[in-house]
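Notes follow once the structure below has been shown.
The values are calculated or read from the model by the stated rules, or taken from the named source; none is laboratory data. Computed from a predicted model, the values in this text were never measured in an experiment. So basically every Cβ, Gly included, is an ideal-geometry build from the backbone, and we count neighbours across all protein chains shown.
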Amino acid sequence: MTPLRAVFFGSPAFAVPSLRAVAANTTLVAVVSQPDRPAGRGQERSAPAVKVAATALGVPVIQPEKVRTPEVQAELAAFAADVFIVVAYGRILPQALLDLPRLGAWNVHASLLPRLRGAAPIQWSLIRGDSETGVAIMRMEAGLDTGPVAAMRALPIADDDTAGTLSDKLAALGAALLAETLPAIAGGGVALTPQDHARATLAPMLTKADGRLTFDRPARIVSAHARGVDPWPGASALLEGEPLKLFGPRVVAADGAAGRPGEVLGVRPEGLAVACADGAVAFAELQRAGGKRLAAAAFLTGHRIPAGTVLA
């Protein structure tokens with residue numbers, strides 16, 4: 001069988017394992033990625049991780065600012081691709097582009113569809129306290145992650161998973177599932193299962209405000225929320241009106257000193273303990289605005305937070 005001619009769409013590090021899977025299992029004729037953007041404290045222009053990986057593979061990369069133009073459509077049509085593979089590209093492809101490849105456009109999505117459609121399924125699976133998540137291979141259509149599913153694989157969420165660690169796990173799982181599914185796509189025999197749209201939930205893009213913790217919820221949910229916004233935007237609460245970033249949450253017993261939600265119970269071996277609606281969460285590391293991220297014990301040597309202080 002002649003290898004598929006594929007165009008890959010993707011931008012962040014999450015998409016790199018899938019890019020490599022496509023390169024190993026098809027004739028990869030082009031990669032489409034986001035334009036270089038300013039990044040870091042110095043705001044120097046930085047290439048997307050997918051562009052860096054594609055360049056190392058010797059694959060041509062195009063970086064259009066917009067995909068809904070006749071020029072981009074003509075450029076992509078010229079590749080005569082059998083399939084488009086889309087993984088965390090960061091733009092919604094119009095129907096005119098989805099119709100170009102002979103065997104359609106396929107997406108690796110980091111959730112068990114129809115749950116958590118949208119831009120941030122990994123983060124919201126944690127924030128909402130889910131015990132498992134997974135990846136889905138979906139044939140794309142014009143709706144937001146509404147297409148029929150070709151394959152799906154679940155993954156348990158560990159108690160210490162953050163959005164960062166879970167992203168790494170799902171990136172590898174998605175790449176492996178994609179490699180397994182590509183032969184069926186190439187042969188035209190892939191079985192598709194329509195999604196149950198009545199069961200759909202959304203996972204919108206995070207904002208900085210999503211990092212603010214509220215402690216009037218169970219400790220398990222507060223911990224999950226903090227892990228779901230790590231590394232960005234980071235979990236925070238107000239200490240004397242100023243933001244305090246909180247890292248490394250761990251559910252601990254309140255030890256009889258229940259306290260009201262948000263009340264600091266003291267320092268434990270696990271970190272600074274804060275009361276929740278039930279139990280408490282200890283944070284291993286703390287950071288004030290403009291300061292360094294420090295272990296809780298080191299932070300508290302220079303910034304006292306007495307027991308009884310309430311984090312708003």
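Can you tell me how many residues within the stretch 31-61 are touching a helix residue (DSSP H, G or I) at 6+ places or on another chain (Cβ under 8 Å), surrounded by fewer than 20 Cβ atoms within 10 Å (Cβ to Cβ) and assigned to a strand (DSSP E or B)?
1
Would you please list the contacts, defined by Cβ atoms under 9 Å and residues six or more apart or on different chains, that run from a residue in the stretch 52-66 that is assigned by TED's automatic domain parsing to the domain that holds PRO12 to a residue that is surrounded by 14 or more Cβ atoms within 10 Å (Cβ to Cβ) and among the charged types (D, E, K, R)?
ALA53/ARG20; LEU57/ARG20; VAL61/LYS51; ILE62/GLU75; GLN63/LYS51; PRO64/GLU75; PRO64/ARG91; LYS66/ARG91
Let me spell it out: the conditions are (1) without any contact (Cβ under 8 Å) to a residue 24 or more places away in the chain; (2) under 16 Å from ASP230 (Cβ atoms); (3) not hydrophobic (A, V, I, L, M, F, W, C), and GLN287 meets all of them except one. Which number is the exception?
Among (1) without any contact (Cβ under 8 Å) to a residue 24 or more places away in the chain; (2) under 16 Å from ASP230 (Cβ atoms); (3) not hydrophobic (A, V, I, L, M, F, W, C), GLN287 violates only (1).
Let's see how each residue does on (1) modelled with pLDDT under 95; (2) under 32 Å from the mean Cα position of the chain (by Cα); (3) surrounded by 13 or more Cβ atoms within 10 Å (Cβ to Cβ); (4) closer than 15 Å to GLU240 by Cβ:
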residue: ALA257; (1), (2), (3), (4): yes, no, yes, no
residue: ARG260; (1), (2), (3), (4): yes, no, no, no
residue: VAL264; (1), (2), (3), (4): no, yes, yes, yes
residue: GLU270; (1), (2), (3), (4): no, yes, yes, no
residue: LEU286; (1), (2), (3), (4): no, yes, yes, yes
residue: THR301; (1), (2), (3), (4): yes, no, no, no
residue: VAL310; (1), (2), (3), (4): no, yes, yes, yes
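Just the residues that are over 29 Å from GLN123 (Cβ atoms), in contact (Cβ under 8 Å) with a residue 12 or more places away in the chain and not in a loop (DSSP other than H, G, I, E, B), please, taken from the stretch 73-88. Step through it out loud before you land on a result.
At the first step, the residues of the stretch 73-88 found to be over 29 Å from GLN123 (Cβ atoms) are 73-82.
The next check asks that each one be in contact (Cβ under 8 Å) with a residue 12 or more places away in the chain; those that pass are 73, 75-77, 79-82.
Passing the criteria: GLN73, GLU75, LEU76, ALA77.
Within the stretch 219-237, can one find any residue that is farther than 20 Å from ILE157 by Cβ, small (Gly, Ala, Ser) and touching a residue at least 40 places away in the same chain (Cβ under 8 Å)?
Yes, that holds for at least one residue.
On the given criteria, is VAL274 in contact with a Leu (Cβ under 7 Å, 6 or more places away or on another chain), of a type in the set (Val, Ile, Thr), within 16 Å of LEU311 (Cβ to Cβ) and assigned to a helix (DSSP H, G or I)?
On the way: in contact with a Leu (Cβ under 7 Å, 6 or more places away or on another chain): yes; of a type in the set (Val, Ile, Thr): yes; within 16 Å of LEU311 (Cβ to Cβ): yes; assigned to a helix (DSSP H, G or I): no.
Against the criterion (in contact with a Leu (Cβ under 7 Å, 6 or more places away or on another chain), of a type in the set (Val, Ile, Thr), within 16 Å of LEU311 (Cβ to Cβ) and assigned to a helix (DSSP H, G or I)), VAL274 does not qualify.
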